[in-house]
Amino acid sequence: MSAKSWNGRTRDELIIEVWEALDCESVGARELEEIQQALRELFGEGALESPASIARAVADEGAVLRHPEVFDCDTKWRERLISETAPLQSLRFSNLAEASQSMRKLESWRRELAAQSEKQLELRRLQEFAIRTKQDLKLVMGSALVDPRSRGEAGEIIQWLTIWMLDPAIFEDWLDLRKRSSEFIERFR
């Protein structure tokens, strides 16, 4: 079952199409994983649905679910997601000191992942994390409820993340120079 053989234009259409092609009386872990694989191949990692969501869609179309398998498959899938994102949850960007430490960790993880060609999805997660963090910091920077120093630090950290995303190879040297600049010293003594 290759991605080129599917006609589904939406995730829901593809889920039903793959389920029908599997020609099975009941749906459990193996079938859910095959449907997930087809979703991944056709639409990419971002379109992936949880096993429980896929099971609900095929059940609505008349599939008989092997509930213990579905539950177990969904639980394992969610545990993998949590374990993959857990290190990112330890990063903090609420002030310059925390952000500096977190940026070092982020760059260290990026270098590790970049050395392993099969880790492209994890590299993308780091980029997506940086984008979400920048969006959160933009809210802080634009909030009248936040003190001016914290707004300024949020703007500075946004700049750090931008440089890291544009050219991570130069980031550490750039940050070292930035922290020694007279503008930085004057603003964030």
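Summary of values
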read-out: Residue among LEU106, LEU126, LEU139 that is among the aliphatic types (A, V, I, L, M), over 30 Å from LEU22 (Cα atoms) and loosely packed, with under 12 Cβ neighbours inside 10 Å; value: LEU139
read-out: Residue among GLU107, GLU156 that alone is more than 30 Å from LEU48 (Cβ to Cβ), in contact (Cβ under 8 Å) with a residue 60 or more places away in the chain and assigned to a helix (DSSP H, G or I); value: GLU156
read-out: So LEU161, is it closer than 20 Å to GLU107 by Cα and free of Cβ contacts under 8 Å to residues at least 12 places away in the same chain; value: no
read-out: Candidate set from region 1-42 (those that are in contact with a strand residue (DSSP E or B) (Cβ under 8 Å, 6 or more places away or on another chain) and assigned to a loop (DSSP other than H, G, I, E, B)); member that is nearest to ILE54 (Cα to Cα); value: GLY28
read-out: Residue selected from region 27-45 under the condition at pLDDT below 85 and either out of contact with any helix residue (DSSP H, G or I) (no Cβ under 7 Å at 6 or more places or on another chain) or of a type in the set (Gly, Ala, Ser) (or both), by the criterion surrounded by the fewest Cβ atoms within 10 Å (Cβ to Cβ); value: GLY44
read-out: Only listed residue being modelled with pLDDT of 90 or more, assigned to a helix (DSSP H, G or I) and of a type in the set (Ser, Thr, Tyr), chosen from SER102, SER83; value: SER102
read-out: Selection status of GLU69, surrounded by fewer than 12 Cβ atoms within 10 Å (Cβ to Cβ), in the same structural domain as ALA29 (by TED's automatic domain parsing) and either of a type outside the set (Ser, Thr, Tyr) or touching a residue at least 24 places away in the same chain (Cβ under 8 Å) (or both); value: no
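The values are calculated or read from the model by the stated rules, or taken from the named source; none is laboratory data. Values in this document were obtained by computation on a predicted structure and should not be read as measured data. As a convention, Cβ positions derive from the backbone with ideal geometry for all residues, glycine included, and neighbour counts pool all protein chains shown.
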